[in-house]
Amino acid sequence: MSAIDNLPPLREVINTHELAARKSLGQNFLLDLNLTAKIARQAGDMADCDVLEIGPGPGGLTRGLLAEGARHVLAIEKDRRCLPALAEVAEHYPGRLTVIEGDALEIDPLNHLTPPIRVAANLPYNVGTELLVRWLTPAEWPPFWESLTLMFQREVAERIVATPGSKAYGRLAVLAQWRSDARIVMQLPPGAFTPPPKVSSSVVHLTALPEPRYPADPAVLSRVVAMAFNQRRKMLRSALKGAAPDIEDRLHAAGLKPTDRAEQVPLEGFCALAREIAKG
């Protein structure tokens with residue numbers, strides 16, 4: 001039995017339910033329950049929070065979240081093979097775990113959650129970045145979540161916390177740091193997973209700010225940043241020529257040089273440019 005909850009060890013659960021990880025679903029399972037509990041603790045005190053988990057798989061992090069005291073966990077799982085294993089976890093924690101079968105990109109979880117809400121997930125590699133961008137760019141702020149505690153490939157995690165001038169600095173850094181405090185809180189080697197991925201992983205914790213650091217329309221900022229970093233080696237006036245017909249004038253008004261490149265522009269500069277372009 002597991003040391004954290006008296007349920008069977010995850011390796012046994014996977015064998016019982018024949019849950020070989022599927023590459024097509026971006027699955028890599030964490031089997032060390034002491035490790036999943038440690039990840040859960042990075043989300044902070046969850047006693048008075050609902051927690052949204054994406055891609056729970058056989059339930060390793062789910063069990064960590066519940067064992068660490070989460071008030072209620074909503075787990076969205078696309079792989080129906082995992083549902084019987086998750087049902088066993090739900091039975092062990094009566095009334096504290098709800099499992100929805102489906103695609104996290106298509107399901108609105110808010111009908112099943114009561115604020116305050118935290119998000120904690122070992123995100124499937126094939127949807128992780130898209131989900132993060134959605135959570136960072138709603139039209140209204142503050143968002144539905146107080147914090148995000150998410151596992152990514154280490155390269156992606158480093159892009160989230162990168163600073164201007166670094167090779168990792170790009171769209172994710174701008175969007176994450178515009179509206180949240182982001183930091184890497186754990187590093188995990190490939191051997192922690194089954195099957196072991198080819199790359200190391202990191203856990204990133206993002207805390208929502210009450211207000212964005214600088215005013216900007218989220219849709220305009222997202223578009224400007226995507227264009228700028230899609231051609232990051234080009235000067236801004238070339239990379240952003242489709243953003244506005246008088247882009248050089250807009251760049252000057254935002255305090256930027258048309259000859260700058262995207263990796264040189266700080267967050268404040270991108271927000272100023274988004275405001276100028278939003279003027280129409």
Open item on the list: List the residue pairs whose Cβ atoms are under 8 Å apart, where the first residue sits in region 5-31 and is within 25 Å of N126 (Cα to Cα), the second is in a helix (DSSP H, G or I) and open to solvent by 40 Å² or more (accessible area, probe 1.4 Å), and the two are 6 or more positions apart or on different chains.
Closed with: V13/E88; H17/R81; H17/P84; E18/R81; L19/R81; L31/R11
Open item on the list: Between a residue in region 244-270 that is within 20 Å of A173 (Cβ to Cβ) and any residue that is open to solvent by less than 30 Å² (accessible area, probe 1.4 Å) and β-branched (V, I, T), which pairs come within a Cβ distance under 6 Å, given they are 6 or more apart or on different chains?
Closed with: L267/V174; F270/V174; F270/V225
Open item on the list: Can you tell me which residue is nearest to P195 (Cα to Cα) among those in region 106-129 that are of a type in the set (D, E, K, R) and in a loop (DSSP other than H, G, I, E, B)?
Closed with: E106
Task: Scan of region 241-274 for residues that are among the small types (G, A, S) and part of a loop (DSSP other than H, G, I, E, B), ordered by number - done: G242, A243, A244, A254, G255
TODO: Can you give me the number of residues within region 187-221 that are under 16 Å from the mean Cα position of the chain (by Cα) and over 21 Å from N28 (Cβ atoms)?
DONE: 4
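Could you identify the single residue in V204, V174 that is open to solvent by less than 40 Å² (accessible area, probe 1.4 Å), in a helix (DSSP H, G or I) and not aromatic (F, W, Y)?
Values: V204 fails: in a helix (DSSP H, G or I).
From the options V204, V174, the qualifying one is V174.
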TODO: Kindly indicate the residue of region 130-141 that is touching a residue at least 40 places away in the same chain (Cβ under 8 Å) and within 23 Å of K198 (Cβ to Cβ) and also surrounded by the fewest Cβ atoms within 10 Å (Cβ to Cβ) among those meeting that condition.
DONE: L131
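Residue-by-condition table, conditions (1) at pLDDT 95 or above; (2) hydrophobic (A, V, I, L, M, F, W, C); (3) under 12 Å from the mean Cα position of the chain (by Cα); (4) open to solvent by less than 10 Å² (accessible area, probe 1.4 Å):
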{"residue": "G128", "(1), (2), (3), (4)": "no, no, yes, yes"}
{"residue": "P143", "(1), (2), (3), (4)": "yes, no, no, no"}
{"residue": "I160", "(1), (2), (3), (4)": "yes, yes, yes, yes"}
{"residue": "W178", "(1), (2), (3), (4)": "yes, yes, no, yes"}
{"residue": "V185", "(1), (2), (3), (4)": "yes, yes, no, no"}
- [ ] Considering each of R213, R275, R232 in turn, give the residue that is surrounded by 14 or more Cβ atoms within 10 Å (Cβ to Cβ), in contact with a helix residue (DSSP H, G or I) (Cβ under 9 Å, 6 or more places away or on another chain) and modelled with pLDDT under 95.
- [x] R232
TODO: Could you tell me which numbered condition R237 fails, if it satisfies all but one of (1) within 16 Å of A176 (Cα to Cα); (2) more than 22 Å from the chain's Cα centre (by Cα); (3) charged (D, E, K, R)?
DONE: (1)
Task: Extreme residue, least open to solvent (accessible area, probe 1.4 Å), among residues of region 12-66 that are part of a loop (DSSP other than H, G, I, E, B) and of a type in the set (D, E, K, R) - done: D32
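The values are calculated or read from the model by the stated rules, or taken from the named source; none is laboratory data. Predicted, not measured: the structure shown is a model, and the values here were computed from it. Every residue, glycine as well, gets a Cβ built from its backbone with ideal geometry; the counts of neighbours run over all protein chains shown. Protein only, heavy atoms only, side chains kept; ligands, DNA and RNA dropped before computing areas. Shrake-Rupley method; radii C 1.70, N 1.55, O 1.52, S 1.80 Å.
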